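Undergrad: Here's a structure for you.
Read-outs: derived from the displayed coordinates by stated rules, not from any lab. What you see is a predicted model, and the numbers here were worked out from it, not measured in a lab. Here Cβ is always computed from backbone atoms with ideal geometry, including for glycine, and neighbour counts include all displayed protein chains.
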């Protein structure tokens, strides 16, 4: 997997470690390893309306996480605070994804609408690579909260243009082959992941539409 899924894999590994302590099976280590091997992937999906283009795969929603543009304090000290979307485009180094191009549509409102398409000065195929570049002051990137929540809590990263940011949720799915019977072991593990992800500080739920008067 490429793109932002790296952060999901890190979270899943943490949850799996916790699950090993909570599971009552005799051979807990072996059972959990088998479960992770049978599960094809944990991945993020940008277009929640069409999560998979491969018809042989099936995706089970586990949660979602907000997107936001972030930078390191060191970068902002050197280059100056970002005061507007126009300034962001004209005077700052933007980091983005090589593919899919939809990942380079940032949730910033302006004359262009609610999604800003950027042309990255530096491209990467991995969300974790972009995170490390941003932490080291290479520029700005748009990443999901599940990757940056702890960095922002420590002050290693800060959100850019919060007042111009619109709510865009990045869904997180477990992916497996469509023709594979989902074993009770995997189903139980996915239930566990969904519960743990829902309890994480970065977990986000779609806003309910306002009630009609």
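Undergrad: Just from the alpha-carbon atoms, what are the Rg and Dmax of segment 66-164 in angstroms?
TA: Cα only, segment 66-164: 12.1, 34 Å (Rg, Dmax).
Undergrad: Shifting gears a bit: So if we plug the beta-carbon distance of residue 156 and residue 91 into 1/(1 + (r/R0)^6) with R0 = 22 Å, what FRET efficiency do we get, rounded to 0.05?
TA: Once rounded, the FRET efficiency stands at 0.45.
Undergrad: Next question. Students often get this wrong: which residues of segment 139-171 have the backbone nitrogen under 20 Å from the point 7 angstrom along Cα-to-C-beta of residue 119?
TA: 139-142
Undergrad: Shifting gears a bit: Simple spin-label model, 7 Å along Cα-to-Cβ: residue 132 to residue 188 in nm?
TA: 3.7 nm
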